[in-house]
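The structure appears right after this line, and notes come after that.
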Amino acid sequence: MLDQQDEAHAMMARIADALDYVGVLTGEFFATDAGPVFNEMAPRVHNSGHWTIEGAVTSQFENHIRAIAGLPLGSTATRALPVVMRNLIGAGIARIPALLADENCHVHHYSKTEVREGRKLGHATWVGAEPAA
């Protein structure tokens, strides 16, 4: 699949314009062979942007606080490419020891105690490197 970021960005801009929206608005898309498919939007910082914690100069969380505090926004540029984020879903949480062995991987465990199929329990992010596995 070709890079679909520009097309998804243009779709999200049209949505925001149609809503006359001001503020944080997250759009989540799936990359498909037919192009980006809109999945959901949220009027707040969102788990789709968790990659920004390590992958952006200024994370979505920091910029959110800066915005509501009236402070200058920080750069949203990526620190290094590629930036890859994978969710840890259900029993996939068992991968954490292997992920921690990858020096390029940053693991975030959400401390949820109940493991069940389909439940997001954390995420892992790689900056400037592809996942080892």
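Each reported figure results from applying straightforward, stated rules to the coordinates on display, with no laboratory input. Since we're looking at a predicted model, the values are computed, not measured. Please note: Cβ atoms are built from the backbone with ideal geometry, for glycine as well, and neighbour counts cover all protein chains shown.
A few remarks follow.
- Dividing the alpha-carbon radius of gyration of the stretch 1-44 by the rule-of-thumb value 2.2 N^0.38 Å gives 1.16.
- Taking a ≥ b ≥ c as the square roots of the Cα gyration tensor eigenvalues, the stretch 14-86 comes out oblate, since a/c reaches at least 1.5 and a/b does not exceed b/c.
- Normalising the Debye intensity of the chain to I(0), with uniform scatterers on Cα atoms only, and taking log10 at q = 0.10, 0.14, 0.16, 0.17 Å⁻¹ returns -0.39, -0.77, -1.00, -1.11.
- Per residue of the chain, the DSSP helices (runs of n ≥ 4 H) give a summed -39500 (n - 2.57) that works out to -6500 deg cm²/dmol at 222 nm.
- Contact order, relative form, for the stretch 1-44: 38 percent (alpha carbon pairs under 8 Å, 6 or more residues apart, mean separation divided by residue count).
- Sparse-neighbourhood loop sites, GluC sites (Glu not before Pro) in the stretch 29-103 - DSSP loop, at most 11 other Cβ within 10 angstrom: E103
- Compactness of the stretch 61-119 as Cα Rg over 2.2 N^0.38 Å, two decimals: 1.53
- As a length-normalised measure over Cα pairs under 8 Å and 6 or more apart, the relative contact order of the chain settles at 19 percent.
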